[in-house]
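The values are calculated or read from the model by the stated rules, or taken from the named source; none is laboratory data. Remember, it's a predicted structure, so these values are computed and weren't measured experimentally. When we count neighbours, we look across all protein chains shown, and the Cβ atoms used for this are built from the backbone with ideal geometry, even at glycine.
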Amino acid sequence: MQELGIRQVNITDSFWSARLTVNAQRAIFHQWEQLEATRCIDNFRLAAGEKDGFREGWFFADSDAYKWLDAASRIYALQADPKLASLIDSLISLIARAQMPDGYIFTYNQLHFPEQRWVNLQVEHELYCHGHLIEAGVSHYEATGSRNLLDLCIKAADLLVNDFLNASNDKTCGHEEIELALIRLYRVTGKGDYLELASQFLERRGRTPLYGIHWWLERNDFLKRKAYVEQLRQDYVAKHPEYASFRLPGDNYTKQPPFSKLRNRINALRGLYAQQHAPIRKQTVPVGHSVRFGYLETAVAMLCREVGKSDWQSDLQPTLEQAWERMVTRRMYITGGLGEAPGLEVFGNDYELDPEYAYAETCASLASLFWNWEMALITKDARYSDLFEWQLYNATNVGMGLNGDTYLYNNPLSVHQGVTRQGWYVVPCCPSNLSRTFADLGKYIYSFEQDKLWIHQYVSSETTVNVGVPVNVKIESELPWNGKVRIFIKPEQKTEFGLNLRMPSWAVSNPSDTLATASGYDPRESNYQIIRRVWTPEVKPLDFNFDMTIKLRRAHPKVRGHAGKVTVTRGPLVYCLESVDNPDVDIFTAQLDPDSLRDEFVPDLLGGCVVLHAKTMDGRPLKFIPYFLWANRGESQMTVWVDSK
Ligand SMILES: [Zn+2]
């Protein structure tokens, strides 16, 4: 199966076009302003020797600039905004000036430890940062055809090949990202060394003897280096009293489960945290940091796609499938959110899905989207695009506020206090990750191969795909508010091919029939409806009316604290109660009368959305809104799981 480039698909969807416009006109500029305000961009000016000051932000702050550049390039590909182009060009030029002659760039070391590099791969994200630089270079090249950033990335990647190809097994990054970036670079350059290095990085995982000790030593080294940097800061401030010392805003409140610190430490020592506990072929259970896990699985699936059906792949693809199965059946929230424990940011145990502890970082669901897309392409199984859709509408979409300038980092399913959208975060990884993925939406709607065409997502759009002859495809979809979808297929000339249409699990199954998953949502119920026929330019459009009945989903009995509770869903959307809509009831104890549920499209609420009206068992009104829209009206309480008979 092959994918399309984002410029090959024209999105005309009323729901998603609005999102993409906010992304292109507000979010990306807001993020730039924040990167400047928090001095992330200044770090490159310091490294280039063009400014005096002290480096600010986390050791991995460079990655936020690269991810912004990645997002801005993808947005530019859709809409050539000269103001954005000017910011992109100035940042590329700055990166070029900050990069060392041999390709190395990592401002943390360049400014604080100029004689050192690659000394702390497990804790400091040196290779991770290089990975995001490379991804930005590939995206920029794909968007503009210009090689100016790509060539900087090739210089950096060639340095990595020189320093890491055929190196020892401990030479991996604690935070995966470089692997998938190198494969993307291989895809545009065709240079085999990048694919080989990505493969070696993946194969080395879980093969460091006594990894726990290795990690512990690096962690202690990291703490010493951090203390040294803090001393440098104090010395600098003492010498420069005019320097306005700077601290980033605080994170959202997160409710911690018991023994968090102890669990975190054990997790790290066992190698689970960074997926270093076992070789990749034995990693059949999703563990550790949920973003890292998603990037690892994405890279492995990408590698499978590149090497094809070989002996090498034959034992790797089933491993990916087993890990996926375990995730969706036992370790995923009803929203599609991943990562149960705040502080740990990791997968919990099977069925450990407390809604209030839920970390469900926005980036973890984004990583899952990337992985699921690759799985859809290598397996041709509808389940992966089904989960993609569910996570896109719920776990991902919740991450950006309606105006594009506020974000959620962690996404609990139950909030009593302290979680709301913020303009920026201490670790601002999610905003630009969201922006680059929204800009890429067109890529995930269709795929094709000789005499076959797949439609994965029902997003209104138009494209031309070559399945032997060029075929114009147009989707008119009323999702997510209504189930009507119309598909126009117009081949240039009469031809036979198979059209594979994903039948969404939420439309073809009844959740009350089965409790096969922890969350109550089961993407495995999705399938492709295959229409193989001779298509002519005169063929009539295909019409579907997907079932948008309001459904109540129950968690598996092994999920603690969920007995007698339901989640209300309609189509691909998970709903929640937010206190701002329900001032007269306690949303955490209200008893839903399921027979009272009815839907209504409210054009002037939250940009226009379908709300669900209901009553409690004692007759008081309840109002549900889509989960992704919560926290757009200031701080409030929220719950996804509701008491019901
Ligand atoms: Zn993030």
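Observations, loosely collected:
- Matching option when the condition is within 12 Å of the ligand (Cβ to nearest atom), in contact (Cβ under 8 Å) with a residue 12 or more places away in the chain, of a type outside the set (S, T, Y) and part of a loop (DSSP other than H, G, I, E, B), among N403, N410, N433: N410
- Reported count of residues in the range 346-356, each being buried (at least 24 other Cβ atoms within 10 Å of the Cβ) and under 16 Å from L262 (Cβ atoms), is 1.
- Only listed residue being within 17 Å of L150 (Cβ to Cβ), surrounded by fewer than 16 Cβ atoms within 10 Å (Cβ to Cβ) and not charged (D, E, K, R), chosen from S73, S93, S14: S93
- Screening Y409 with (1) modelled with pLDDT under 95; (2) touching a helix residue (DSSP H, G or I) at 6+ places or on another chain (Cβ under 9 Å); (3) surrounded by fewer than 23 Cβ atoms within 10 Å (Cβ to Cβ) gives one miss only, at (3).
- Test: Q529 is assigned to a loop (DSSP other than H, G, I, E, B) and polar (S, T, N, Q): no
- Residue satisfying condition, being more than 16 Å from the ligand (Cβ to nearest atom), of a type in the set (A, V, I, L, M, F, W, C) and either in a loop (DSSP other than H, G, I, E, B) or crowded, with 24+ Cβ neighbours inside 10 Å (or both), within set V291, V285: V285
- Single unsatisfied condition, N349 versus (1) more than 16 Å from the ligand (Cβ to nearest atom); (2) modelled with pLDDT of 95 or more; (3) polar (S, T, N, Q): (2)
Rundown of residues vs (1) modelled with pLDDT under 95; (2) farther than 30 Å from N349 by Cβ; (3) away from the ligand (no atom under 16 Å from the Cβ); (4) in contact with a helix residue (DSSP H, G or I) (Cβ under 8 Å, 6 or more places away or on another chain), yes/no style:
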{"site": "W424", "(1), (2), (3), (4)": "yes, yes, no, yes"}
{"site": "V427", "(1), (2), (3), (4)": "yes, no, no, no"}
{"site": "K443", "(1), (2), (3), (4)": "no, yes, yes, yes"}
{"site": "S460", "(1), (2), (3), (4)": "no, yes, yes, yes"}
{"site": "K484", "(1), (2), (3), (4)": "no, yes, yes, no"}
{"site": "K490", "(1), (2), (3), (4)": "no, yes, yes, no"}
{"site": "S505", "(1), (2), (3), (4)": "no, no, yes, yes"}
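- The listed residue being touching a residue at least 12 places away in the same chain (Cβ under 8 Å) and loosely packed, with under 14 Cβ neighbours inside 10 Å, out of K565, K558: K558
- Boolean, F438 is surrounded by 20 or more Cβ atoms within 10 Å (Cβ to Cβ), more than 18 Å from M327 (Cβ to Cβ) and among the aromatic types (F, W, Y): yes
- Close pairs from the range 356-378: first at positive phi, partner within 10 Å of the ligand (Cβ to nearest atom) and not in a helix (DSSP H, G or I), Cβ under 7 Å, at least 6 apart: A360/N410
- Qualifying residue in the range 106-113 (condition: modelled with pLDDT of 95 or more and touching a Cys at 6+ places or on another chain (Cβ under 8 Å)): yes
- When the strands (runs of 3 or more DSSP E) confined to the range 535-640 are screened for residues that are out of contact with any Pro (no Cβ under 7 Å at 6 or more places or on another chain) and under 24 Å from Y521 (Cβ atoms), those reaching at least 2 such residues are found at 542-545, 565-570, 573-578, 591-602, 609-616, 621-626.
- Residue that is surrounded by the most Cβ atoms within 10 Å (Cβ to Cβ) [pool: residues in the range 576-631 that are on the phi > 0 side of the Ramachandran plot and hydrophobic (A, V, I, L, M, F, W, C)]: A631
- None of D170, D163, D158, D193 is surrounded by 14 or more Cβ atoms within 10 Å (Cβ to Cβ) and assigned to a loop (DSSP other than H, G, I, E, B) except D170.
- Output for the range 352-397, where each listed residue is within 16 Å of the ligand (Cβ to nearest atom) and more than 12 Å from the chain's Cα centre (by Cα): A358, Y359
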